[in-house]
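What follows is calculated from the coordinates using simple rules that are stated; it is not laboratory data. Please read all numbers here as calculations on a predicted model, not as lab measurements. Glycine also receives a Cβ, built like all others from the backbone with ideal geometry; neighbour counts cover every protein chain displayed.
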């Protein structure tokens, strides 16, 4: 499977910069996936979870509040106002990242359905990581 370049940027710095096999994004019209050679598009993102499938087939989840994505055949650039990556080298780091992500969504959620959706994704990601 071919890869593409993925960048996730916030005003505070870079969250992710590397190759990816796929990325699933929380678009305004619903979730959508991007693979290498995707047709070009630019669209708004809502609060939710970005799932990045890396070259080693593991999936990294990043909670975002809102932003925009620009896609072309070789590169995906995601600009977000804020993000909380769910990653860690051990269980303690992963647990801290999960807590940070939960606090992040409580700060950004504008509806209980958004909180429920993102919380469910975080819990699902936690089960995969642990």
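List the residues of region 1-33 whose backbone N lies under 20 Å from a point placed 7 Å from the Cα of residue 41 along the Cα-to-Cβ direction.
2-9, 20-33
I want to make sure I understand the PRE zone here: with the label point 7 angstrom from the Cα of residue 68 toward its beta carbon, which residues in region 1-44 have backbone N atoms less than 11 Å away?
Once the point is set 7 Å along Cα→Cβ of residue 68, 42-44 turn out to lie under 11 Å by backbone N, inside region 1-44.
Multiply the residue gap between residue 99 and residue 59 by 0.36 nm, knock off their C-alpha separation, and tell me the result in nm, one decimal place.
Numbers: separation 40, 0.36 × 40 = 14.40 nm, distance 1.86 nm.
That works out to 12.5 nm of additional length.
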